[in-house]
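Single-structure report; data block below.
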Amino acid sequence: MILYVIRHGETAWNKVRRLQGQTDIPLAEEGIRLAKETGIGMKNLPIDLVISSPLKRAVQTADCITEGRNIPLLTDERIQEISFGDWEGESLIDSTILPGDYKKQFYENPLYCEVPPHGESVPQVIERTADFYQALLTDPAYQDKHILISTHGAAGRCFLCNFFADKTDIWRGGVPKNCAVTTVEVINGKSRIVAFDQLFYTER
């Protein structure tokens with residue numbers, strides 16, 4: 001099984017550093033460009049199936065990448081973005097609602113940072129994305145497939161915890177860039193990172 005784990009393209013909220021979470025924001029024009037260029041860069045890679053977060057920015061990204069290829073697409077809520085609850089839409093730059101050290105907590109100590117009201121903790125996202133991975137591992141139909149996993153910044157990093165011995169280093173150098181792709185090879189239940197945060201587009 002080969003997994004291509006991608007973060008969605010850029011949205012308007014990404015651009016201005018708003019907490020997006022599970023708010024269903026579509027791709028911005030730049031996000032569509034990134035996704036389409038990524039699709040061109042990946043055109044010769046085999047993809048048998050897409051499994052996407054149900055949020056439209058992830059589905060749009062997958063659609064752009066697989067345009068013209070007639071590849072089946074499924075959605076799974078276990079790989080949607082972390083919920084920021086009542087803090088969704090708040091600015092990481094000048095919010096008057098977020099705790100003063102929340103940004104620092106979230107990026108430097110995510111396993112123990114404050115949980116937003118009505119939101120999720122990072123360990124909860126690790127748990128649900130691990131459940132998704134175990135479902136892939138135990139389904140014989142997936143074992144010889146090349147699967148595009150279209151997900152999000154935090155959810156994608158939590159999903160990748162399945163493939164690293166150190167489960168505490170969530171960000172592994174930082175939030176992945178929009179449309180960054182990590183390729184994972186899984187053979188007989190054993191995984192190997194083939195490429196990490198690969199970009200198939202030209203940065204501007």
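Quick one: in the stretch 156-193, which of the residues that are charged (D, E, K, R) and outside any loop (DSSP other than H, G, I, E, B) is surrounded by the fewest Cβ atoms within 10 Å (Cβ to Cβ)? Steps first, answer last, please.
If we filter the stretch 156-193 for residues that are charged (D, E, K, R), which is where we start, we get 157, 166-167, 169, 172, 177, 185, 190, 192.
Going one step further and asking which of them are outside any loop (DSSP other than H, G, I, E, B), we end up with 157, 185, 190, 192.
On the way: 157: 27, 185: 14, 190: 7, 192: 10.
For the stretch 156-193, the residue satisfying everything is 190.
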Matching residues, the stretch 83-108, being of a type in the set (A, V, I, L, M) and surrounded by fewer than 18 Cβ atoms within 10 Å (Cβ to Cβ): 92, 93, 97
Checklist (1) modelled with pLDDT of 95 or more; (2) assigned to a loop (DSSP other than H, G, I, E, B) applied to residue 96, failing item: (1)
Pair list, Cβ < 8 Å and 6+ apart or interchain, from the stretch 52-64 residues that are over 17 Å from residue 132 (Cα atoms) to residues that are of a type in the set (Phe, Trp, Tyr) and buried (at least 24 other Cβ atoms within 10 Å of the Cβ): none
Unmet criterion (only one of (1) closer than 27 Å to residue 13 by Cβ; (2) surrounded by fewer than 16 Cβ atoms within 10 Å (Cβ to Cβ); (3) of a type in the set (Ser, Thr, Tyr)) for residue 151: (2)
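The values are calculated or read from the model by the stated rules, or taken from the named source; none is laboratory data. All of these numbers come straight from a predicted model, not from anything done at the bench. Please note: Cβ atoms are built from the backbone with ideal geometry, for glycine as well, and neighbour counts cover all protein chains shown.
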